[in-house]
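The values are calculated or read from the model by the stated rules, or taken from the named source; none is laboratory data. As the structure is a computational prediction, the values presented were derived from the model and not from experiment. Reconstructed Cβ throughout: ideal geometry from the backbone, glycine too, with neighbour counts over all protein chains shown. Side chains are part of the model used for accessible areas, which takes the heavy atoms of the whole protein and leaves out ligands, DNA and RNA. Shrake-Rupley method; radii C 1.70, N 1.55, O 1.52, S 1.80 Å.
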Amino acid sequence: MPTKPLDRLLFAQGGLCFFCTSPLPKADASVEHLVASANGGSNGDENCVVCCKAMNALLGSRSLKEKIQVVLNQKGHLKCPNGVQKGAKAITDDAKLVIANLSKRGSGRPKAVSTLLSTIRSLFQKDIAEERLALLLQQLEREGFITIDGAKVLYAR
Ligand SMILES: [Zn+2]
């Protein structure tokens, strides 16, 4: 068995997020203490699950009661708030906007990762966190719209 809690729990959960049951890449995964460490929760597997980092941050050190409430409030349609959604094809409105904009540019599309990043920043009037930017790139790649080859960007269509 994997010895690290994150690896072990992710394996036990079949590679899926505990809350939204979406496939959870290890890079997006984090260990969530159901009873928060701050509230005396243990580090044992019986108190820990693996979920998306954004969900973990949202739940934070809320009480278990409040966490259950957050989950119930989604009425069975829980999607973790980090863009990782059910089905690999699901993409966010952000990504759709970027794809629509880039598609219009034809051969004028940025060919370097750095240029692509500044194009996306200006699209969002620079009002975009680095984390969200990185997530967007991941989505564009997952969608098959771009392939990142070192510092270069290749477009599939
Ligand atoms: Zn999730």
Sole miss for A129 among (1) open to solvent by less than 80 Å² (accessible area, probe 1.4 Å); (2) at pLDDT 90 or above; (3) aliphatic (A, V, I, L, M) is condition (2)
Filter region 51-69 down to the residues that are out of contact with any Phe, Trp or Tyr (no Cβ under 9 Å at 6 or more places or on another chain) and over 16 Å from G40 (Cβ atoms) and list them by number. K53, A54, N56, A57, L58, I68, Q69
Go through region 44-70 residue by residue and tally those that are exposed (fewer than 11 other Cβ atoms within 10 Å of the Cβ) and either among the hydrophobic types (A, V, I, L, M, F, W, C) or under 22 Å from G14 (Cβ atoms) (or both). 2
Is it fair to say A12 is modelled with pLDDT of 85 or more, out of contact with any Gly (no Cβ under 9 Å at 6 or more places or on another chain) and surrounded by 14 or more Cβ atoms within 10 Å (Cβ to Cβ)? yes
Against the conditions (1) surrounded by 15 or more Cβ atoms within 10 Å (Cβ to Cβ); (2) part of a helix (DSSP H, G or I), where does L78 fall short? Just the number, please. (2)
Criterion first (under 28 Å from Q138 (Cα atoms), more than 11 Å from the ligand (Cβ to nearest atom) and not in a loop (DSSP other than H, G, I, E, B)) does L9 satisfy it? yes
Filter region 95-116 down to the residues that are part of a helix (DSSP H, G or I) and open to solvent by less than 40 Å² (accessible area, probe 1.4 Å) and list them by number. A95, V98, I99, N101, L102, G106, V113, L116
For region 15-43, give me the residue count where each residue is in contact with a strand residue (DSSP E or B) (Cβ under 9 Å, 6 or more places away or on another chain) and open to solvent by less than 70 Å² (accessible area, probe 1.4 Å). 16
Count of residues meeting criterion [near the ligand (Cβ under 9 Å from one of its atoms) and either assigned to a strand (DSSP E or B) or among the β-branched types (V, I, T) (or both)] in region 30-62: 2
So, in region 35-66, how many residues would count as being out of contact with any Asp or Glu (no Cβ under 9 Å at 6 or more places or on another chain) and not small (G, A, S)? 11
